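A short worksheet on the structure shown next.
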Amino acid sequence: MKEIEGGITSVPGFRSAGVACGIKTTGAKDLAVIVCDDVAVSAGTFTSNKVKSAPVLVSMERVKSGKAQAIVANSGNANACTGEQGIKDAKRMTELVANGLNISPELVLVASTGKIGRKMPMDKIENGIKLALSSLSYTGGHDSAEAIMTTDTFSKEVAVEFDIQKKKAHIGGMVKGAGMINPNMATMLCFLTTDVCIERPFLQKALKSAVDVSFNMISVDGDTSTNDTVLILANGKAGNSPINRLDSSYEMFLRSLTYVTTSLAKMIAKDGEGATKFIELTVRGAKTEQDARKACHTIARSPLLKCALFGENPNWGRIMSSLGISDIDMDQNKVDIWFDDLKIAQNGISTGFSEESAKDILKKKEYVITIDLKIGNAKATLWTCDLSYDYVKINIV
């Protein structure tokens, strides 16, 4: 497996476009369309938030068919908490794309991101969709990645090439997300394309598995969005025999898909709103994987710890406190903690470490925090960031 350029349009048979249609007052790109040359196998995962946006509700229903040919997505307006009109607008977006492509609206999935509670400016969106359809390109992946950004400071995309059944296969992906990130299934918006031939139940299974260890293991601020959506389209152009069982071909596809989703997930954590640090957090020695994951999430959601990390303060007691409220099986007298390779605590008490050495680690842009519970063999890894003054500034507007 190797990384290649091109994002979602590095995959043969996919065109895309990203345009500015005036949803954002800045004039930045704000509408993207992704199109497969043929009807593709589709799968998706969506927000666990009980408050779901209109496009989430529409796409959740449509993806059940396992078939799709296009995705339309906008930034700058979430189309959430907009009632029946929001549903009509989301469906209208799919109809506009379908009409332009001469396909059924049921084959078009939809996603939105932006501010909640505002009605969609459908006149602008209609013009934007027309412009996007006329701009579709087999090299348009980067423009699409830019068009779904909100508070992101950079576009996020990755693609890989790998061998499956002696055939060259590809997976491309793009994602947006910087704030309101504490996914309980997905992230803000992520779109994936592949030319692997795979039956729908196995595509859904692979997507869920990949999402579970990537997008479900990041946290910026502890909030789960109303619009979280991950969609994947598989057009089968790689020419491999259909993946329809849990064999070596499935495992290769899953490994490659997980690489893509994990790479994108790390980009989100690095680009957390106002973030100055990127932290890989591993909890090992847990009794169960569920406990390890729960501990990771509880620690990463602690505003006290995140503020300490921003202040480059090695206050490991905040980690112990978070472990204690995570409701996992643990013995505080067995816990070891490291910042990178510096052991901070052993058996629940300080090692007498050098605070100067610890601060040198916390001054770095990226580092690892490891916690060993020493009561089992399970572990989990999560990616997160600190909480800075700028996070507040970004979110008071």
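Kindly report, to the nearest 10 Å², the accessible surface of R118 as traced by a 1.4 Å probe over protein heavy atoms only.
For R118, the solvent-accessible surface is approximately 130 Å².
Computed on alpha carbon atoms, what radius of gyration and Dmax characterise the chain, expressed in Å?
Expressed in Å, the Cα Rg and Dmax of the chain come to 21.6, 70.
For the stretch 34-163, what is the convex hull volume of its Cα atoms per residue in Å³?
131 Å³
Which angle between 0 and 90 degrees, to the nearest 10, do you get for helix 248-270 versus the longest principal axis of the chain when only C-alpha atoms count?
70 degrees
List the pairs from K52/K130; K64/K205; K2/K208; K50/K287; K88/K130; K29/K115 whose alpha-carbon separation is above 21 Å, in the order I gave them.
K52/K130; K2/K208; K50/K287, as the Cα separations exceed 21 Å there.
Take the alpha carbon gyration tensor of the stretch 238-397, find the square roots of its eigenvalues, order them as a ≥ b ≥ c, and report rounded if a/c is under 1.5; if not, report prolate when a/b exceeds b/c, else oblate.
Oblate.
Give the share of C-alpha pairs in each 5 angstrom bin for the stretch 323-378, from 0 to the last occupied bin, in whole percents, shortest bins first.
Here the calculated profile for the stretch 323-378 is 5, 19, 25, 23, 15, 11, 3.
K374 to T139: extension gain in nm, 0.36 nm per residue of separation minus the Cα-Cα distance? Before the final figure, lay out each step's value.
Details: separation 235, 0.36 × 235 = 84.60 nm, distance 4.99 nm.
Difference between extended and current length: 79.6 nm.
Solvent-accessible area of V175, probe 1.4 Å, all protein chains present, reported in Å² to the nearest ten, please.
The accessible area comes out at roughly 0 Å².
If I model a spin label at D247 and K2 as a point 7 Å from the Cα along the Cα→Cβ vector, what separation in nanometres do I get?
Inter-label distance under the simple model: 2.7 nm.
Could you let me know the centre-to-centre spacing of the stretch 132-146 and the stretch 62-118, using Cα atoms, in angstrom?
Centre-to-centre (Cα) distance: 18 Å.
Would you mind computing, in nm to one decimal, how far apart the modelled labels at T282 and D340 are, each placed 7 Å from Cα along Cα→Cβ?
Roughly 1.6 nm, to one decimal.
Considering the chain as a Gaussian network with a 10 Å cut-off on Cα pairs, which listed residue, F215, F46, F162, attains the greatest mean-square fluctuation?
For the chain, modelled as a Gaussian network with Cα springs under 10 Å, the answer is F162.
In whole Å, what is the distance between the alpha-carbon centres of the stretch 352-371 and the stretch 278-311?
Each part reduced to its Cα centre gives a spacing of 15 Å.
Given R₀ = 56 Å, what would the calculated FRET efficiency be for D123 paired with K364, taking r from the Cβ atoms and rounding to 0.05? Write down the numbers at each step before the final one.
Numbers: r = 49 Å, r/R0 = 0.87.
E(calc), rounded to 0.05, equals 0.70.
Could you give the angle, 0 to 90 degrees to the nearest 10, between helix 200-212's Cα long axis and the longest principal axis of the Cα atoms of the chain?
Roughly 30 degrees between the two axes.
Highest mean first, how do 282-291, 329-338 rank when packing is the count of other Cβ atoms within 10 Å averaged over residues?
Those peptides, ordered most packed to least, come out 282-291, 329-338.
The values are calculated or read from the model by the stated rules, or taken from the named source; none is laboratory data. Here the structure is a predicted model, which is why all the values come from computation and not from measurement. Virtual Cβ from ideal backbone geometry, glycine too; neighbours counted across all protein chains shown. Only protein heavy atoms, including side chains, enter the accessible area calculation; ligands, DNA and RNA are left aside. Shrake-Rupley method; radii C 1.70, N 1.55, O 1.52, S 1.80 Å.
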